[in-house]
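The values are calculated or read from the model by the stated rules, or taken from the named source; none is laboratory data. Predicted model only: the values in this text are computed from it and were never measured. All Cβ positions, even for glycine, are placed from backbone atoms using ideal geometry, and neighbour counts span all protein chains on display. Each accessible area value is taken on the protein alone, full model and side chains, heavy atoms only, with ligands, DNA and RNA left out. Shrake-Rupley method; radii C 1.70, N 1.55, O 1.52, S 1.80 Å.
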Amino acid sequence: MRAARLIKMVLLLQSRPSMTAAELAAELEVSERTITRDALALSEAGVPVYADRGRAGGYRLVGGYRTRLTGLARGEAEALFLSGLPGALRDMGLEDTASAARLKVSAALLPSLRDAPDSVAQRFLLDAPGWYQEPETPELLPPIAEAVWDDRMVSARYRRGDREVERELAPYGLVLKAGVWYLCARSGTAFRTYRVDRFTSVALTVERFDRDETFGLSAFWAERAAEFARSILRAEVVVRLTEAGAHRLPYVTDRAAAEEALAAAVAEDGGLRVVLPVESEEVAFSQLLTLGPEAEVLAPASLRERFGAAARAMASRYA
């Protein structure tokens, strides 16, 4: 552990003109006294660490010293591609790996380019979770992530409805969708998707699997997401929409289903008659209610009656 810390300290000093003991202590999560001892150890090992005394003092490397320890390990290089997802890295247990990779890249850059990572970080951020929800990190995400990175088979137990099932899985990839983690894995010969928070136990085996080179995580996820969206649309409602309602419909319900329904719409009584696939009457009520007077539900009768009751109650309240 100390050796890794000393290497990280050298990389930090190599990537910046100088750093105070307090700054180094904060970066390395140790005390300033430990920083003093580490600087002495580096100096004794032949690394020219110089301590400037005084109020504006700090530690720096003398004489343009450059370490040869800037080569990226495979894990660091892979983690670097996720550096725009700090929360995801932390959840998967890869935060330290990515930090080391970023330091090595910074240390290898020309002095005039060393502010590039900070410059980019100030301009671009991917915020994966949706609004109005507190994302939760599944307890078993780190070992699953380890298995994904290392192509290791896992023996897992998974909640399916009110029972648990056991599976031997080849974990191909992880997807973070609106704050929820999913595992794309091969079970037998079939590829399936599992919610990570439904795993109750995960054990990495010594066996490694050979990846199917034809498998593409992005394409697989897009296909399964489309299949899932279609599978839950088990009911239909008939709606008459104004022009404004037709424009807003894709923003309140499934976009693909809304666009297909609008493409097949029929002009009627100054509006558009649309047959819209929905998950259920309950879901359709909550979604279409946001369109207000821009939508009139024509069928089924039970849903039309519910909208009528809601409209009367709202009119009475605002009378």
Phe215-Ala319 FRET efficiency (beta carbon distance; Förster radius 45 Å; 0.05 resolution)
0.15
Going by average Cβ density within 10 Å per residue, which order do the peptides 286-293, 155-162 take, highest to lowest?
286-293, 155-162
Cβ-Cβ cut-off under 12 Å around Ala310, Lys and Arg +1, Asp and Glu -1: the net charge is +3
With every protein chain present, what is the per residue accessible area of the stretch 182-319 (1.4 Å probe, Å²)?
62 Å²
Computed from the beta carbon distance with a Förster radius of 45 Å, FRET efficiency for Tyr50 and Glu207 to the nearest 0.05 stands at 0.30
Suppose every Lys and Arg Cβ carries +1 and every Asp and Glu Cβ carries -1, with no other charges. What dipole size does the stretch 264-319 come out with about its Cα centre, to the nearest 20 debye?
220 debye
What GluC sites (Glu not before Pro) does the stretch 3-49 have in DSSP loop regions with at most 15 other beta carbons within 10 Å?
Glu29
With every protein chain kept in the model, how would you rank Glu296, Glu259 by accessible area, 1.4 Å probe, largest at the top?
Glu259, Glu296
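Calculate the dipole size of the stretch 142-200 relative to its Cα centre from +1 charges on Lys and Arg beta carbons and -1 charges on Asp and Glu beta carbons; express the result in debye to the nearest 20.
It works out to roughly 280 debye.
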Label-point separation (nm) for Leu298 and Leu262, each offset 7 Å from Cα along Cα-to-Cβ?
1.8 nm
Can you give me the % of accessible surface on the stretch 149-257 that is carbon or sulfur? Probe 1.4 Å, all protein chains present, nothing else counted.
48 percent
Set Lys and Arg Cβ to +1 and Asp and Glu Cβ to -1, take the dipole of the stretch 206-319 about its Cα centre, and tell me which of Pro250, Ala263, Pro293 lies farthest positive.
Pro293
Taking the Cα centre of the stretch 177-319 as origin, work out the dipole magnitude from +1 charges on Lys and Arg Cβ and -1 charges on Asp and Glu Cβ, in debye rounded to 20.
440 debye
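Once the piece of chain linking Thr137 and Glu227 is laid out straight, how much longer is it, given 0.36 nm per residue of separation minus the C-alpha distance between them?
Answer, rounded to one decimal: 29.8 nm.
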Stretchable slack from Arg198 to Ser31, in nm (0.36 nm times residue separation minus alpha-carbon distance)
56.1 nm
Quick calc: nm separation of the 7 Å Cα→Cβ label points for Glu166 and Phe191 -> 2.8 nm
